[in-house]
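Before any comments, here is the structure.
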Amino acid sequence: MILCDDVYPAILDEIADFLTNGEIELVFVESDEMRKINHKSRGIDEPTDVLSFPIQYAPHFPLGSIVINLDKVAQKANEFNHSQDDEIALLFTHGLLHILGYDHENDDGEMRRKEIEIIQKWDLPQSLIVRTIQE
């Protein structure tokens, strides 16, 4: 496991504060660990870039957990020619929006519009949803 202090971009606090007053748990892992989490939680035996786990509301507890795969961060940042901090911010935003109830697979574009709003506000690269559609 990788400690957040080594990879945590400050922009994540700004994005979180913009979207919610709630606390979020953020975990950084490598591909082997992400594959295990993805298999256990979704039945898919391969690593993914980000997973989010909303928690039923309880006072003094986080709204949920976001797990980010740092191997995929490095790969995608290189592939799309932007910084790893930008890639982490995109994945964090995507995961946080899921925790907050957005679902790009079943909505009418609400999540995509919210991602675009955040991307424009913080001058981030292309959204994860748009990239996924184009792949």
Can you tell me which residue in region 91-125 is nearest to residue 8 (Cα to Cα), limited to those that are among the aromatic types (Phe, Trp, Tyr) and in a helix (DSSP H, G or I)? 92
Any residue in region 80-91 that's under 18 Å from residue 16 (Cα atoms): show its pairings with residues that are of a type in the set (Lys, Arg) and buried (at least 20 other Cβ atoms within 10 Å of the Cβ) at Cβ separation under 6 Å, as long as the two are six or more apart or on different chains. 87/76
Within region 21-66, residues being among the polar types (S, T, N, Q), part of a loop (DSSP other than H, G, I, E, B) and modelled with pLDDT of 95 or more number 1
Specify which of the listed residues (22, 64) is surrounded by 13 or more Cβ atoms within 10 Å (Cβ to Cβ), over 15 Å from the mean Cα position of the chain (by Cα), of a type in the set (Gly, Ala, Ser) and within 18 Å of residue 94 (Cβ to Cβ). 22
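Could you please let me know if residue 88 is touching a strand residue (DSSP E or B) at 6+ places or on another chain (Cβ under 9 Å) and outside any helix (DSSP H, G or I)?
So residue 88 does not fit the description; no.
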For region 71-118, give me the residue count where each residue is touching a helix residue (DSSP H, G or I) at 6+ places or on another chain (Cβ under 8 Å) and either open to solvent by less than 30 Å² (accessible area, probe 1.4 Å) or among the basic types (Lys, Arg) (or both). 19
Within region 126-135, considering residues that are open to solvent by 50 Å² or more (accessible area, probe 1.4 Å) and part of a loop (DSSP other than H, G, I, E, B), the one modelled with the lowest pLDDT: 135
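The values are calculated or read from the model by the stated rules, or taken from the named source; none is laboratory data. Predicted model, so just to flag it, every value in this text is computed and none were measured. We place every Cβ from the backbone using ideal geometry, glycine too, and count neighbours over all the protein chains shown. The area values use the complete protein model at the heavy-atom level, side chains included, leaving out ligands, DNA and RNA. Shrake-Rupley method; radii C 1.70, N 1.55, O 1.52, S 1.80 Å.
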